[in-house]
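Enquirer: This structure is in structure tokens; I'll ask about it shortly.
Just so it is clear, none of the values below were taken in a lab; they were calculated from the coordinates. Here the structure is a predicted model, which is why all the values come from computation and not from measurement. Counting neighbours? That spans all protein chains shown, and the Cβs are built from the backbone with ideal geometry, glycine included.
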Amino acid sequence: ALGGVAPDDVAACRAAGAYGVAVMGPVMRDPALVAAYLDALG
């Protein structure tokens, strides 16, 4: 899934069949978000 995916959206993307998510903008603006995305992918 790509485009507007926040860490809180990861579970819904996975439930819909996505293998993972790709993000660029949010983590470029706030690199600390990488940990939140990785935790959400758990």
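Enquirer: What's the total number of residues in region 1-29 that are among the charged types (D, E, K, R) and out of contact with any helix residue (DSSP H, G or I) (no Cβ under 9 Å at 6 or more places or on another chain)? Write out each step before concluding.
Expert: Residues of region 1-29 among the charged types (D, E, K, R): 8-9, 14, 29.
When the remaining residues are screened for being out of contact with any helix residue (DSSP H, G or I) (no Cβ under 9 Å at 6 or more places or on another chain), the result is 29.
Matching residues across region 1-29 total 1.
Yes or no, residue by residue, for (1) without any contact (Cβ under 8 Å) to a residue 60 or more places away in the chain; (2) in contact with a Phe, Trp or Tyr (Cβ under 7 Å, 6 or more places away or on another chain); (3) not aliphatic (A, V, I, L, M):
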{"position": "Gly3", "(1), (2), (3)": "yes, no, yes"}
{"position": "Ala6", "(1), (2), (3)": "yes, no, no"}
{"position": "Cys13", "(1), (2), (3)": "yes, no, yes"}
{"position": "Ala16", "(1), (2), (3)": "yes, no, no"}
{"position": "Gly20", "(1), (2), (3)": "yes, no, yes"}
{"position": "Val23", "(1), (2), (3)": "yes, yes, no"}
{"position": "Asp30", "(1), (2), (3)": "yes, no, yes"}
{"position": "Leu33", "(1), (2), (3)": "yes, no, no"}
{"position": "Ala40", "(1), (2), (3)": "yes, no, no"}
